[in-house]
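Here, each number is a calculation from the coordinates, and none is a lab measurement. This one's a predicted model, so the numbers in the text were calculated from it and none came from an experiment. Please note: Cβ atoms are built from the backbone with ideal geometry, for glycine as well, and neighbour counts cover all protein chains shown.
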Amino acid sequence: MTGEASLAEKGFLSTDAVVKQFDAAVAVNGVSLSIRRGEIFALLGSSGCGKSTLLRMLAGFERPTQGRIYLDGVDITDWPPYERPINMMFQSYALFPHLSVWDNVAFGLRREHVAAASLADRVDAMLNLVQLGAYAKRKPHQLSGGQQQRVALARSLVKRPQLLLLDEPLGALDKKLREQTQFELVNIIEQVGVTCVMVTHDQEEAMTMASRVAVMDKGRVLQVGEPHDIYEFPASRFVADFIGNVNLFDGELIEDLPERCVLRTEVGPIHVGHGVSGALGSTLTVAIRPEKISIARADAAKPLAHNAWRGKVEEIAYFGAYSTYIVTLEHGQRMKVTESNALRHGHRDITWEDDVVMWCDVMAPVVMPAT
Amino acid sequence: MAKGLWAGRAWLALVYAFLYAPLLYMVVFSFNSTRQDARYTGFSWRWYEALLNDTKLVDGFWLSVQVATLTGLLSVVVGTFAAYVLVRYRRFGGRSLFAGMAHAPLVMPEVVVGLSLLLLMVGIQTLLGWPERGVLTIVIGHTLLGSAYAMVVIQARLSEMDRRIEEAAMDLGARPYQVFMLVTLPNMTQALVAAFLLAFTLSFDDVVIAEFLSGPGVNTLPQVVFGYARRGINPTVFAAATLLMLAVTTAAVAYSVWVLRRSRQRAGEAKRALAS
Amino acid sequence: MTCIAALLGRGWMGRPLVIAVPYVWLGLFFLAPFAIMFYISWVDMGNDILPFKPLWDEASGVLRLRFDNYTSLWRSDQGQWFDTLYVDAYLRSVWYAALSACICLLVGYPFAYAMTRADARWRPLLLLMVMLPFWTSLLLRVYAWKGLLADQGIVNQALLALGWVQTAPVLLYTDVSLLVGMAYVYLPFMVLPLYAALSKQNPQWLEAAYDLGCTPWRAFWIVTVPLSWRGIGAGMILVFVPSLGEFVIPSLLGGPENLMIGRVLWDEMFTANNWPRASALATVMVLAIVVPLVWYARVAAKDDRG
């Protein structure tokens, strides 16, 4: 039925048009993903988009209403969770309160009837990997949140699963701990070399930890790609808006050549440095990231041919490393511009109510369908 | 406000006095030197001696302990099954009937339960020639009541338990039966002990169902006491009561201390963990 | 045991088995007895070996239903409606049960309230002290009241000594001793739900009431009491329902004029040996208790959902 070629295409873990319906609500609406061996894959979306349901279907806690799931070529859709070579790290860690740290980690190996000596070695090795060797005898309620998470990680890795699932891994941690844990987590996962699927609503988490990201909304996958691709080449308005900050303008395609095109928007004609596929006169959306736009005081700037705007600074948000300017244009439209504060001095270059000029390169705008 | 506070305290004291007066009465008069139940004539151990020699009471006591222990264990098992089914299985054919049946013994008058079970036992005996009414039949009757109470206690604990540890266990390779034995049960121990104690006490104390379902020569302690009670006051019973109260108080205090210690320990450990 | 484990281990197949175990238990020891009881309530009273004659007459093949097992419950031999001892006893039981519930409420509410006002350190101890008598044998405690309420008993001696009465009243085997016994036994059943409901109350509600100009006395009646209605309801039911069918307390503390329905059933069964009529009586008791309860449960559930 499925030849070698299509299996390889399918990827290490693949879902085939998976649908999950709860009574009247459709949580997952036809998701087909292909995840490669060894990569860290993130499912990114706001709450209710279906990412957690999809993860639970991979783990085996929910059965798809339609569609199949394949792991390394094997159809595991109907397998119960305890038969799958997949392990999950729960958002709340779900450590067994009545067992010690050591017994928590050993639990999974004991179900496999691993020999006692080998079991002890593997548990000790895993505890050392997460640096909790000294806490082996403690019970979960005697540990801090960060320590509990490491136990949860150790517990799910010790069985050497073919797939590791992470449910909002950094959700319960505070900001400082989050940054540190991010890198630790990725290091451990790469060291062990396991394929990983993680679920998160935090873009930073997804972008920094994952090798590929799938953006989800209302049960569908909108775009899959490396963080860089998702950010710089969003395929839809939703993705552009969801990730990072963006200026979005609807426009009419008035000129289309292979090496450039022009769209007429509410802020004037925008020149884009590549051609687009679309009929002249069709409505498309242009997205420009704030950091791709340059800003300068009107009196200090040189006029440019195109992709330049004049306006008045209405708001400034100072983030220390960079500042975001909200500029009101001639007819009331607003643009967001971000500049890094590269020079260290006491005064502001640009301040409120200043007349400014903004411009961007023709390669900066991204064009996408209007919806 | 202060007036109200003292009025409240006075009422508390009064009601506690009311609750404990009969108990105190029995303790005091169990040491009475004569049979008088209203006048204290002097200190004596005679009723305790009489107690030890009263074979009916002593046999009744041991029988009651047997029956109550069996009832307690059986009630916990049946109650756990019933509670698990009601909490974990939200939809299945005949669920309302099941829920109704499971809770009904809590509201049925004991005389009705006793009567209906007696009819069942007689019926089975006529058909199969067994069982003779005795320990087994009483245990079944007591378990019917005890399991309903056990179920309520266990249900409370099960419904508040974090289900994700059960999912985690399944994720790690435990089959549903193993999940129950290795994860669910160990996290319910306090509830199981409480359920056992509840069923044990109910059985140890029951006279109605025992009367309906016991056979000749089989008499639990409450049955013996009931028989004595109908004939008047016997201070030997006071002596038995005093000893029983002693046992119950010790057990209750020990249990409370155990529970209190566990929760204090947990709180202390959690505090230390947060600080570290 | 291992085969059960293996079956349960099959995961999705284990569920029917787990449901079956308690279901079969309940079916066998709860439902079946009631079915038999219902059946017996229609047969003729027998003698010697079987205390009843079978329903189906083998000889003539006729179904012999004795309706008067039921009708004799509310229709006397002379044809008077509702002039039977059963109706009397039932009404009396309802009356005593209601009285007991009210007494328990009047005694128990201030008690529970005072408990919630006590220092938090003492509360576990106070609760334990309420439960302790409950753990001690009910029979023995009622037995003690027999001694206390006797004609020359301690209570009468105290009453005389205090000068509250001139001659020693007869307390034992009257409705006084019966109600004292009932209130005594069922007080914890009232106190515990009340305590649970009252202790969950947010003290800020009272503070808000005071802030808005309410005196403590008024605040108690228009804030605390109404908001504890669930506890009151639970307590009333926990006292009323078991009191109805109570047997031990009326037997030991009640007199011939205080006959309650539980005792009537017993006598019908063991003294008169009339199993069919006893079964009929039991069936009616079940309907009289269970049906209102089911209705109440439905109403309460709807209220919860709404």
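Summary of values
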quantity: Per-residue mean of C-beta atoms belonging to partner chains within 10 Å, peptide B:159-167; calculated: 4
quantity: Label-zone membership for the stretch A:94-136, site A:Q191, 7 angstrom Cα→C-beta point, backbone N under 12 Å; calculated: A:125-133
quantity: Residue-count net charge about A:V28 - beta-carbon cut-off 15 Å; Lys, Arg +1, Asp, Glu -1; calculated: +3
quantity: The stretch A:245-369 - charge dipole about Cα centre, Lys and Arg +1 at Cβ, Asp and Glu -1, debye rounded to 20; calculated: 280
quantity: Cα-derived Rg over Rh, computed across the protein assembly as shown with Rh taken as Kirkwood radius; calculated: 1.11
quantity: Number of partner chain Cβ atoms within 10 Å, mean per residue of B:16-24; calculated: 6
quantity: Acute angle (nearest 10 degrees) that the helix C:14-26 long axis makes with the longest principal axis of chain C, alpha-carbon atoms; calculated: 80
quantity: Sorted largest first, extent of chain A alpha carbons per principal axis (Å); calculated: 78, 58, 37
quantity: Magnitude of the charge dipole, chain C, Cβ model with Lys/Arg +1 and Asp/Glu -1, debye to 20; calculated: 1120
quantity: Residue-averaged 222 nm ellipticity for chain C, from DSSP H runs of 4+ at -39500 (n - 2.57), nearest 500; calculated: -21000 deg cm²/dmol
quantity: Most fluctuating residue given options B:L12, B:L198, B:L260, as computed from a GNM of chain B linking Cα atoms under 10 Å; calculated: B:L12
quantity: CD proxy at 222 nm, helix term only [per DSSP H run n ≥ 4: -39500 (n - 2.57); per residue of chain A; nearest 500]; calculated: -7000 deg cm²/dmol
quantity: Overall form of chain C per C-alpha gyration tensor (a/c, 1.5; a/b vs b/c); calculated: oblate
quantity: Those residues of the stretch B:11-48 whose amide nitrogen sits under 19 Å from the label point placed on C:A168, 7 Å along Cα→Cβ; calculated: B:22, B:25-26, B:29-30, B:32-42
quantity: Per-residue mean of C-beta atoms belonging to partner chains within 10 Å, peptide B:72-84; calculated: 2
quantity: Rel. contact order, % - alpha carbon contacts under 8 angstrom, at least six apart, the stretch B:1-150; calculated: 24
quantity: The protein assembly as shown - share of DSSP beta bridges that are antiparallel (%, nearest 5); calculated: 80
quantity: Percentage relative contact order, chain A, counting C-alpha pairs under 8 Å, at least six apart; calculated: 15
quantity: Most mobile of C:V130, C:V248, C:V294 in a GNM of chain C (Cα contacts under 10 Å); calculated: C:V294
quantity: 222 nm mean residue ellipticity, helices alone, for chain B (DSSP H n ≥ 4; -39,500 (n - 2.57); rounded to 500); calculated: -25500 deg cm²/dmol
quantity: Relative packing of C:205-213, C:235-243, which averages over residues the other C-beta atoms within 10 Å, highest first; calculated: C:235-243, C:205-213
quantity: Calculated from backbone phi, Karplus (6.51, -1.76, 1.60) coupling profile of the stretch C:230-240 in Hz, x at Gly/Pro; calculated: 5, x, 4, x, 4, x, 4, 5, 5, 8, 5
quantity: Dipole magnitude of the protein assembly as shown, debye to nearest 20 (Cβ charges: Lys/Arg +1, Asp/Glu -1, about Cα centre); calculated: 2100
quantity: Gyration tensor (alpha-carbon) shape descriptor, the stretch A:140-256, a/c threshold 1.5; calculated: prolate
quantity: Cross-link table B:K56/C:K146; A:K51/A:K292; A:K159/A:K218; B:K271/C:K200; C:K146/C:K200; A:K176/B:K271, entries beyond 28 Å C-alpha to C-alpha; calculated: A:K51/A:K292; A:K159/A:K218; C:K146/C:K200
quantity: Counted charge near B:E160, where neighbours are those whose Cβ lies closer than 15 Å (Asp, Glu -1; Lys, Arg +1); calculated: +2
